[in-house]
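The values are calculated or read from the model by the stated rules, or taken from the named source; none is laboratory data. None of these values were measured; they are calculated from a predicted model. Ideal geometry is used to build each Cβ from the backbone, glycine not excepted, and the neighbour counts take in all protein chains shown. In case anyone asks, the SASA skips ligands and DNA or RNA and just uses the protein heavy atoms, side chains included. Shrake-Rupley method; radii C 1.70, N 1.55, O 1.52, S 1.80 Å.
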Amino acid sequence: MTAQIIDGKQVAAQMRAELKDSVARLKGQGITPGLAVILVGDDPASRSYVTAKEKACEEIGMHSDDNRLPSETTQAKLLGLIDQFNNDPKIHGILVQLPLPAHIDEDAVLLAIDPNKDVDGFHPVNVGRMVVGQEAFLPCTPHGVIQLLLRSGVKLSGAEVVIVGRSNIVGKPLANMLIQKSATGNATVTVCHTRTKNIAEHTRRADIVIAAAGRPNTITAEMVKDGAVVIDVGVNRVEDATKKKGYRLVGDVDFEAVSRKASLITPVPGGVGPMTITMLLYNTVLSAEKSLSRCN
Ligand code: GUN
């Protein structure tokens with residue numbers, strides 16, 4: 001079997017066109033959705049993510065307030081800036097790019113963001129609401145994975161899903177979202193991690209394998225059954241002297257070999273990546289819509 005490729009760029013473009021219409025409608029009602037983006041330090045990967053987020057806001061007509069702070073920025077200064085955006089009616093979403101420098105307490109920073117502006121869905125209030133099935137801002141990467149599956153016609157209800165990776169940003173929230181009793185859930189989920197005894201034993205019986213481990217070749221062809229759907233959330237830089245930048249991006253899946261066995265597969269780049277930013281735009285538009293209903 002040769003897998004069909006799930007084109008994340010195409011799905012993201014379709015969703016962004018829908019969001020552009022929503023932004024135009026909100027502007028007609030006197031509101032421009034606004035996102036504050038805060039980057040502390042100069043990690044190259046974080047810098048390129050943040051630039052892509054700012055560009056995406058602009059493309060759909062949203063306002064973005066870009067804040068690039070030096071790596072020696074104090075926690076107090078960062079908390080002050082968050083407080084300023086919490087109280088700014090032009091800002092509907094606040095995103096602090098992670099990871100933060102070691103001297104800053106990440107938990108304290110995430111807790112300082114107004115849950116009504118937490119478009120990353122990382123605040124414990126939103127995490128808790130998501131877990132118990134209440135309305136919440138859903139974290140962007142896992143929500144993007146689910147949209148990608150649904151919009152590619154993959155049935156989640158009753159599916160055996162195996163997630164490899166248990167991060168707070170992807171694995172844990174994705175598992176929670178997939179077990180919800182809702183149209184975007186109803187799956188049977190297993191989460192594998194670094195202490196799992198035999199990961200292949202689990203992935204081999206999965207209808208859907210989701211790799212979010214942050215390590216190239218975590219999923220090889222022997223680890224997936226014929227016809228499985230394979231979603232690759234990994235973004236890893238590997239040295240490549242033939243490239244101008246000196247590296248290339250690969251996911252967590254051995255794409256060449258696995259695509260000969262799977263029925264559907266996401267590439268890296270061009271799979272989950274474009275969806276993450278799209279869901280950030282989605283949450284910011286949703287936040288602006290909610291602020292409008294709070295005013296009325
Ligand atoms: N770092 C890696 N992924 C993310 C994300 O989705 N949001 C934020 N804020 N930081 C990240």
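In the full protein context, region 11-67 carries 47 Å² of accessible surface per residue, based on a 1.4 Å probe and ignoring ligands, DNA and RNA. If you sort Lys155, Lys261, Lys27 by accessible surface, 1.4 Å probe, largest first, the order is Lys155, Lys27, Lys261. Once the 1.4 Å probe is applied to the protein heavy atoms, region 70-117 comes out at 50 Å² accessible per residue. Summing charges over neighbours of Pro124, with a neighbour being any other residue whose Cβ is under 11 Å away from its Cβ, gives -1 when K and R count +1 and D and E count -1. Overall, the ratio between the Cα radius of gyration of region 89-136 and 2.2 N^0.38 Å, rounded to two decimals, is 1.20. The Cα trace of region 1-116 gives Rg and Dmax of 16.6, 56 Å, the first to one decimal, the second as a whole number. For the chain, the fraction of 1.4 Å probe accessible surface lying on carbon and sulfur atoms is 51 percent. One compactness figure for region 186-287 is 1.19, namely its Cα radius of gyration divided by 2.2 N^0.38 Å.
Working from Cα pairs under 8 Å separated by at least six residues, relative contact order for region 84-214 is 19 percent. In terms of distances greater than 19 angstrom between alpha carbons, the cross-link table entries Lys20/Lys55; Lys181/Lys290; Lys9/Lys290; Lys27/Lys290; Lys77/Lys290; Lys53/Lys77 yield Lys181/Lys290; Lys9/Lys290; Lys77/Lys290; Lys53/Lys77.
Based on the reciprocal of the average 1/r between different C-alpha atoms, the Kirkwood radius for region 104-223 equals 15.1 Å. Here the label points at Ala17 and Arg205, each 7 Å from Cα along the C-beta direction, are separated by 4.2 nm in the simple model. Rg over Rh for the chain works out to 0.97, both radii taken from alpha-carbon positions and Rh defined as the Kirkwood radius. Solvent-accessible surface of region 126-221, averaged per residue with a 1.4 angstrom probe and all protein chains in place: 46 square angstrom. Please give the helix 8-28 orientation as an angle from the longest Cα principal axis of the chain, in degrees from 0 to 90, rounded to the nearest 10. Its long axis makes an angle of about 20 degrees.
By how many degrees, between 0 and 90 and to the nearest 10, does the Cα long axis of helix 44-59 differ from the longest principal axis of the chain? Computed tilt is about 70 degrees. Over the C-alpha atoms of region 237-277, the Rg to Rh ratio, Rh being the Kirkwood estimate, stands at 1.04. Subtracting the Cα-Cα distance of Leu111 and Lys243 from 0.36 nm times their residue separation leaves 43.5 nm of extension gain.
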